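Presented below is the structure to which this report refers.
The values are calculated or read from the model by the stated rules, or taken from the named source; none is laboratory data. What you see is a predicted model, and the numbers here were worked out from it, not measured in a lab. Methodologically, a virtual Cβ is constructed for each residue, glycine included, from the backbone with ideal geometry; neighbour enumeration extends over all protein chains shown.
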Amino acid sequence: MSLVRYDIHDTTAVLTLDDPARRNAISLAMVEEFIAALEKAEADDSVSAVVVTGAGPAFCAGAELGHLAQASDEGEAAAQALLSVYRVFLRLDACPLPTIAVVNGPAVGAGMNMALACDIRLAGESARFATRFLALGLHPGGGHTWMLRRAAGPQAAMAAVLLGEELSGEQAARTGLAWRCVPDGQLLTEAVTLAARAAAAPRDVLIQAKHSIRDMAGVASYDDAVERELPRQLWSAQQDEFRRRIAKLTAST
């Protein structure tokens, strides 16, 4: 792979967008490489979490402008030009493992979508979150407004999209767009340390827990939430790993 670097840190797969000369702009070739790398991580039973970052100084500058320009044509080809880029956000969102975006510089437009598609975002002090769609005369796409509103709330989404407000790493952490802001030099180490905690749980249980958190977005009542969780908790309680752990705890009391 030439545009996406794949590294393993113990139980964490680190996927690095690696086209710094173009500030890691998303091309169709990068989309294909990223999806292949993600599928490689998911297929590796020793991997419990995925970290996504960019080769500095940017996280991701958005979609390649030449590719975006294809959307100005009329007809089905225009829609396909956009959908071909969206594939990478949708595939990242569908990853069953915990995903952490390490935003080590500007995350712009589609690059911000890459970060938003992850479960958790860590921002460096040099991070900048900028939508910039409207500055191009372009409506946001790829689920940008939906993801941003859910992550940071309606007011922050309005300010970022309509007013072109850029959020620093510290501002992103304050609004909830990022989990926390850490010094740039500690960013990847912090992400890998956090991701390693996922390995404390059995991988299948970890996957089911992530699924449940996502599933709860459509649950309206406490009773429904309890009912939705019950079969998954019973399934986990009937696994050998739970029996082993509970027996160990019981023996030590």
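In the range 27-41, the residues that are in the same structural domain as LEU17 (by TED's automatic domain parsing) form Cβ pairs under 7 Å with partners that are of a type in the set (Asp, Glu), at six or more places apart or across chains, as follows: SER27/GLU64; MET30/ASP19. Would you confirm, using the coordinates I've provided, whether GLU229 is assigned by TED's automatic domain parsing to the domain that holds VAL108, surrounded by fewer than 18 Cβ atoms within 10 Å (Cβ to Cβ) and at negative phi? No. The helices (runs of 4 or more DSSP H) found wholly in the range 1-105 and carrying at least 3 residues that are closer than 21 Å to GLY142 by Cα and under 16 Å from the mean Cα position of the chain (by Cα) occupy 28-43, 76-93. Does GLY164 satisfy the criteria of being part of a loop (DSSP other than H, G, I, E, B) and surrounded by 18 or more Cβ atoms within 10 Å (Cβ to Cβ)? In short, no.
A search for C-beta distances below 7 Å between a residue of the range 78-90 that is touching a residue at least 12 places away in the same chain (Cβ under 8 Å) and closer than 15 Å to LEU38 by Cβ and any residue that is part of a helix (DSSP H, G or I) and aromatic (Phe, Trp, Tyr), counting only pairs 6+ apart in sequence or on different chains, returns VAL88/PHE34. Among all positions in the range 212-221, there is no residue which is touching a Pro at 6+ places or on another chain (Cβ under 9 Å) and either under 27 Å from ARG150 (Cα atoms) or surrounded by 12 or more Cβ atoms within 10 Å (Cβ to Cβ) (or both). When the test is whether a residue is in contact (Cβ under 8 Å) with a residue 60 or more places away in the chain, in contact with a strand residue (DSSP E or B) (Cβ under 7 Å, 6 or more places away or on another chain) and β-branched (Val, Ile, Thr), THR53 passes it.
Residues are listed down the side, and each one gets a yes or a no for (1) assigned by TED's automatic domain parsing to the domain that holds ASP10; (2) at negative phi; (3) without any contact (Cβ under 8 Å) to a residue 24 or more places away in the chain:
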{"residue": "GLY164", "(1), (2), (3)": "yes, no, no"}
{"residue": "LEU206", "(1), (2), (3)": "no, yes, no"}
{"residue": "ILE213", "(1), (2), (3)": "no, yes, yes"}
{"residue": "VAL219", "(1), (2), (3)": "no, yes, yes"}
{"residue": "ASP224", "(1), (2), (3)": "no, yes, yes"}
{"residue": "LEU234", "(1), (2), (3)": "no, yes, yes"}
{"residue": "ALA237", "(1), (2), (3)": "no, yes, yes"}
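Only a single criterion out of (1) buried (at least 18 other Cβ atoms within 10 Å of the Cβ); (2) part of a helix (DSSP H, G or I); (3) at pLDDT 95 or above is not satisfied by ALA123, namely (2).
Hey, among THR145, THR193, which residue is in a helix (DSSP H, G or I), over 27 Å from GLU241 (Cβ atoms) and either at pLDDT 95 or above or not assigned by TED's automatic domain parsing to the domain that holds ALA58 (or both)? After ruling out the rest, the residue left standing is THR145.
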